[in-house]
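Structure first, then comments.
The values are calculated or read from the model by the stated rules, or taken from the named source; none is laboratory data. The structure displayed is predicted, hence computed values, not measured ones. All Cβ positions, even for glycine, are placed from backbone atoms using ideal geometry, and neighbour counts span all protein chains on display. Accessible surface is based on the protein model in full, side chains and every heavy atom, while ligands, DNA and RNA are left aside. Shrake-Rupley method; radii C 1.70, N 1.55, O 1.52, S 1.80 Å.
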Amino acid sequence: MPFFTQARTFEALWPDIRSRLAEVFDDGKFSHGRQVARFEEALARWTGARYAVGVNSGTDALVLLLRACGLQPGDEVIVPAFTFVASASAVVLAGGRPVFADIDPVTYTLDPKSAADAVTPRTRMIMPVHLFCQMADMDALLDVARRHRLTVVEDSAEAIGMRWNGVHAGLLGAGGVLSFFPTKTLGALGDAGAILTDDPRLAETAGALRHHGRYGRTLAHFPGISNETTVNGVNSKMDDIQAAVLLAKLTRLHEDIARRARLAAAYTERLAGTPGVLRLPTVVPRTARTNPVFYVYLVEAELRDELAAYLAAHGVGTETYYPAPLHLQECFASLGHRRGDFPHAEAACERTIALPLYPDMSLDDVDRVCDLVRRFATGRPA
Ligand SMILES: *Cc1c(COP(=O)(O)O)cnc(C)c1O
């Protein structure tokens, strides 16, 4: 069983995808065309965002959102030390300086107290990252932001479907992002991403930045025509083949999320009490009504690497999210951190392992993985 596949999903969706692809070929517009505009509208409707700006990856979405929010050279952005590397490298690419803070050890998301301690006179923004199955503690983090007048930019790349008191992830502060990397809850057949925001000026600026800095004719929502280039943008347009695939997959996203929830619940039921498994995913109660979405089923294991090797030897793929805390990555060496600076982030990197979780899986697949984890724990050969 691979760590991830969407072969069955695509087989089932193929007639729908094929007719949408035929439209792309008939239009002859393969980048920033009609399917992209349609997808932006459908995504805005699905999430409740006023604007969805399609780009070519979640990483680009972060960089362009930070730029559109007015990040200036040397501005500090508070980022958790345990997240995908792009959360922090986007800050550097946008000209800012990431300042790390520790995570909450149960939810793996930015710890509001550690974030507040990281504020300096140069702090301009704070980046909560919503990981695996739930959102960071947004009430507490919005409070930190309010007290220190920080702009909130959410790395909601993994968080499609997650809501905070009914508000979709990414829409609690200035804006957020989504990634449609194939393994994500809404995955394309390659790279793609989007910026979500309720702010028309941010949407317009981000829409221009992705398109060589051209305002106008860049968003379905802003149909003006202008080839005037007023800022230095990049080429991060979304391509229509991905948009067509995403439109088809969006029609069954609610079902996919429900299926993920059933599979995750089965894992939790079967793995409870397994020796050597130190922690199962724990959705913590918040001060808000929340909607967890299982993107990744992450457990902590005593002998993590040995367990991964054992499962691999028995044909089960796993993944390590994330292998090293960001403050100890070479690309951030200039920030001068040492082991011990963010103990919860470091512990998470040493102990966590992601088990396969995707709509193509069956409950029997979950049983098989759980049997193997149990056998590994009790030392019985398979
Ligand atoms: C996937 C992901 C990204 C980057 O998205 P890409 O589309 O792969 O560029 C950023 N942050 C987090 C937390 C992610 O999971």
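Cross-link partners of residue 237 among lysines, defined as those whose alpha carbon lies under 27 angstrom from its own and excluding same-chain residues fewer than eight positions apart: 29, 184, 249. Counted residue by residue at 0.36 nm each, then reduced by the alpha carbon distance between them, the extension gain from residue 314 to residue 149 reaches 54.2 nm. For the pair residue 212 and residue 279 in one chain, pulling the backbone fully straight at 0.36 nm per residue adds 19.5 nm over the alpha carbon distance. Each Cα pair under 8 Å and six or more residues apart adds its separation to the average, and for the chain the resulting relative contact order is 22 percent.
Taking amide H atoms as placed 1.01 Å from N in the peptide plane, the amide H of residue 279 lies under 5 Å from those of 300, each 5 or more residues away in sequence or on another chain.
Amide H to amide H distances under 5 Å link residue 175 with 154, where only residues 5 or more positions off or on other chains count and H is placed in the peptide plane.
When the Gaussian network model of the chain links Cα atoms closer than 10 Å, the mean-square fluctuations of 35, 329, 134 top out at 329. Ranked by the mean number of other Cβ atoms within 10 Å of their residues, highest first, the peptides 340-352, 60-72 come out as 60-72, 340-352. GNM remark for the chain: springs join alpha carbons under 10 Å apart, and the peak mean-square fluctuation among 121, 323, 98 falls on 121. Per-peptide packing, taken as the mean over residues of other Cβ atoms within 10 Å, places 177-186, 135-144, 311-320 in the sequence 177-186, 135-144, 311-320 from highest down. Surface composition of the chain: carbon and sulfur atoms hold 51% of the protein heavy-atom accessible area at a 1.4 Å probe.
With n ≥ 4 as the cut-off for DSSP H runs, can you work out [θ] at 222 nm for the chain, using -39500 (n - 2.57) per run divided by the number of residues, rounded to the nearest 500? Mind showing how you got there, number by number?
On the way: 12 runs with 147 residues, N = 382.
After summing the helix terms and dividing by residue count, I get -12000 deg cm²/dmol.
For residue 167, no residue whose modelled amide H falls within less than 5 Å of its own remains once neighbours fewer than 5 places apart on the same chain are excluded.
Here the 3J(HN,Hα) profile of the range 106-118, calculated from phi with Karplus coefficients 6.51, -1.76 and 1.60 at θ = phi - 60°, is 8, 9, 6, 9, 3, 7, x, 5, 4, 5, 4, 5, 8 Hz, Gly and Pro shown as x.
Assuming 1.567 mPa s and 4 °C, estimate D for the range 138-206 with Stokes-Einstein, Rh taken as the Kirkwood radius over Cα pairs, in µm²/s.
Details: Rh = 12.8 Å.
Translational diffusion coefficient: 101 µm²/s.
Given +1 at the Cβ of Lys and Arg, -1 at the Cβ of Asp and Glu and no other charges, the dipole of the chain around its Cα centre is 500 debye to the nearest 20.
Using the Cα coordinates of the range 7-250, the gyration tensor eigenvalues translate into equivalent-ellipsoid semi-axes of 30, 21, 14 Å, sorted from longest to shortest.
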